[in-house]
Amino acid sequence: MARALLRITTRCCSPLYAPSSLPSRLRSHGLPPTLRFPSLSFSASAASTSSHGPSSGKEEEEDDQGKYENYLGMTDDELMAQCDMGTFKSSGPGGQHRNKRESAVRLRHHPTGIVAQAVEDRSQHKNRSSALSRLRTLIALKVRRPINLDNYTPPVELLQILPLKSTIRSKDVGSQIGPNNIKFSPGMQALLDLLFAVEGSVSEAAKILGLSTGALSRLILSDDSLRAAANELRASKGLKPLR
Amino acid sequence: MLSLSARPILLPKPRLRRLLLPRPLSAATASALTPPTPRTPTTAAPADPTPLFLRPPTHPVPPAALEAFRRRAAALVPPSAPHLHRHLRWFLADASTPDHLLRAPLDELEALWLAHVRDRRPFQYVVGNEHWGGLVVAVRDGVLIPRPETEAVLDMVRAVQGFEGGWWADLGTGSGAIAVAVARMLGPHGRVFATDVSEVAVQVARLNVQRYGLQDKVEIRHGSWFEPLEEVKGKLMGVISNPPYIPTGDLPGLQPEVGWHEPKLALDGGKDGLDHLLHICEGLSSALKPGGFFVFETNGNKQSEFLVDFISTKWSSSFRNVEAVLDFADIKRFVRGYRR
Ligand SMILES: C[S@@+](CC[C@H](N)C(=O)[O-])C[C@H]1O[C@@H](n2cnc3c(N)ncnc32)[C@H](O)[C@@H]1O
């Protein structure tokens, strides 16, 4: 429902790669010299030591640690600290001078350049959290992290969005997480990472995930934005769209 | 300078008449047709001070009548102010229930809508609330409507180490928005003491405290700045204030929703706008416990720069890490720091 109210602007090409060291460079130098609200300090370790970090092969781990930021593993405050919030386009003096209920919040995520916007709620607060969750979805759809297929174990957030019949999914993963759950985004990102690594081949990816090709296609088709991103990725590899 | 004679007197356009004609003219709508005189200061000040959104839905309305009202009200929205269509949706959402009951008679809703569109009475006074900081804050004429900029104060409080267990003061609490939002973040030992000289503010703040069930955590005290806080002096973990900071000379030029309708007591900061801010600064070091935190909202860049400089030079031995903090429009809106 909130989704229907969201207008999305994306200012970057797709898929977007997170080149090594770029995020952290932007993070430390991209911030203006004056203090900016919200000024919560961002800790890099919070992102890279998260237990749901990007799954890279063991040998790769040293190389990859800290290279590809796990944005979706960050808390809202941490993610927010990497964003610029533009609300009042033409602002004037603001504060006590002004009575205007803003209808939109626009977040620009510095490291990736992704822009997410939420409109329409009465509460600026709610617009901000809708924009943040939209940002999470966009990050999942746009930011690709490389995978070493020789040594690949699907991360738990990916296992969580798989249907129960997946043969690599153990019982303790719990019930299947659907597109309306906020935890769907990290799984979707990991799935697209895998699909990217296998050059868009759904059957390859399905094999790795212990599913039939049909079951994986159905999962991809169950969410419009996931389907669109998967098809865009397939198109870039010269493959036909899933339908 | 905010006298009534300064208000432009707007006569209803033919379209407005159409809205009014088919209905019997209530006292409020009648005065809407009459130029305001000093004896009727606010055209649509409600007889019932209970915020509209909190009144019981006791007025049945046929769906067709409500729909007709919606169309008449929408027709009043000038093309130059499309955001009023959004307000109309929110107005109907706050004033009615899905089973066709209204919180005020239709006539009164007509008058309220007219007052918003024509007299520029703030939408928040019309419905009686503002959505702020994740809360629905009750407001009414006589208290400042909390501003979105001020929400940032909550994040700054949350960033203070150990804030959950501390005693906090909110000076000039107005609707109590800050006090309530801060109290909701506190742990079992945390408390908020909020002061205001305005009787209306004290009433509204108490209503909000009660609505959020925070009577045990928030105390609203009537009086000037630190005066009602004698016995907690030196024990406060933090002092928060959004005092009046607009330079007196800027008051006549304010947006009508603000200048015509919000209390001057909540806006007027004296000649440079700094009267209250400086007064509060003077009281800070004796109110805060060592290591205590403070944050003020200011009129923006110049005031913030001045205060940072003033506090760090005049009282360098009392405070540390004094800095200006930007709001989301990149204006240096806040000054914060710690007592040594
Ligand atoms: C700009 S409003 C802020 C209200 C509220 N804290 C907010 O942020 O929405 C300033 C408040 O200071 C109050 N005030 C003005 N003079 C005061 C004084 N001498 N002592 C205490 N409060 C005062 C006004 O009544 C008003 O509620």
Partner shielding of B:254-262, as the mean number of partner chain Cβ atoms within 10 Å, equals 3
Evaluated at q = 0.13, 0.17, 0.23, 0.29 Å⁻¹: base-10 log I(q)/I(0), Debye formula over Cα of the stretch B:52-119
-0.33, -0.56, -1.00, -1.46
Cβ-Cβ FRET estimate between B:LYS235 and B:ARG70, R0 fixed at 45 Å, reported to 0.05
0.25
Take peptide B:149-157, look around each residue's Cβ out to 10 angstrom, count Cβ atoms belonging to other protein chains, and average those counts.
4
Tell me the accessible surface of B:TRP225 in square angstrom (1.4 angstrom probe, heavy atoms of protein chains only), to the nearest ten.
40 Å²
Separation between the A:LEU149 and B:ASP272 pseudo-spin-labels, each 7 Å from Cα along Cα→Cβ, expressed in nm?
7.0 nm
Heavy-atom accessible area per residue of the stretch B:250-296, all protein chains kept, 1.4 Å probe, expressed in Å², is 37 Å²
Within the stretch A:155-232, GluC sites (Glu not before Pro) in DSSP loop having at most 14 other beta-carbon neighbours inside 10 Å
A:GLU199
Under a 5 Å amide H to amide H cut-off, with H placed in plane at 1.01 Å, what residues pair with B:VAL239 once short-range neighbours are removed?
B:ALA169, B:PHE293, B:PHE294, B:VAL295
Backbone HN-Hα couplings from phi across the stretch B:290-299 [Karplus 6.51/-1.76/1.60, Hz, Gly and Pro as x]
x, x, x, 10, 9, 8, 10, 8, 10, 5
For the stretch B:72-203, percent of DSSP beta bridges that are antiparallel (nearest 5) comes out at 50 percent
Along the positive direction of the dipole of chain B (beta-carbon charges: Lys, Arg +1; Asp, Glu -1; about the Cα centre), which of B:TRP315, B:LEU251, B:LEU229 reaches farthest?
B:LEU251
If you find the alpha carbon centre of the stretch A:149-221 and of the stretch B:170-246, how far apart are they in angstrom?
51 Å
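What total accessible surface area, summed over both chains, is buried at the interface between chains A and B, computed with a 1.4 Å probe and given in Å² to the nearest 100?
Separately minus together, A and B give about 3300 Å² buried.
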Once you place label points 7 Å from the Cα toward the Cβ at B:LEU101 and A:ARG218, how far apart are they in nm?
4.6 nm
If each residue of separation counts as 0.36 nm, what is the full-extension length gain between B:HIS189 and B:LYS289 once their alpha-carbon separation is subtracted?
34.4 nm
Calculated FRET efficiency, A:ILE182 and B:ARG206, Cβ-Cβ r, R0 35 Å, to nearest 0.05?
0.45
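To the nearest 0.05, what FRET efficiency results for B:GLU282 and A:THR75 with a Förster distance of 35 Å applied to their C-beta separation?
Efficiency for this residue pair is about 0.35.
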If packing is taken as the average count of other Cβ atoms within 10 Å, what order do B:172-183, A:185-196 fall into, highest mean first?
B:172-183, A:185-196
Modelling each spin label as a point 7 Å along the Cα-to-Cβ direction, I'd like the B:GLN255/A:SER236 distance in nm, to one decimal.
4.2 nm
DSSP-defined beta bridges in chain B - what % are antiparallel, rounded to 5:
45 percent
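The values are calculated or read from the model by the stated rules, or taken from the named source; none is laboratory data. Computed from a prediction, not measured in an experiment: that's the story for all the values here. We place every Cβ from the backbone using ideal geometry, glycine too, and count neighbours over all the protein chains shown. Note: accessible area is taken over every heavy atom of the protein model, side chains too, but ligands, DNA and RNA are not part of it. Shrake-Rupley method; radii C 1.70, N 1.55, O 1.52, S 1.80 Å.
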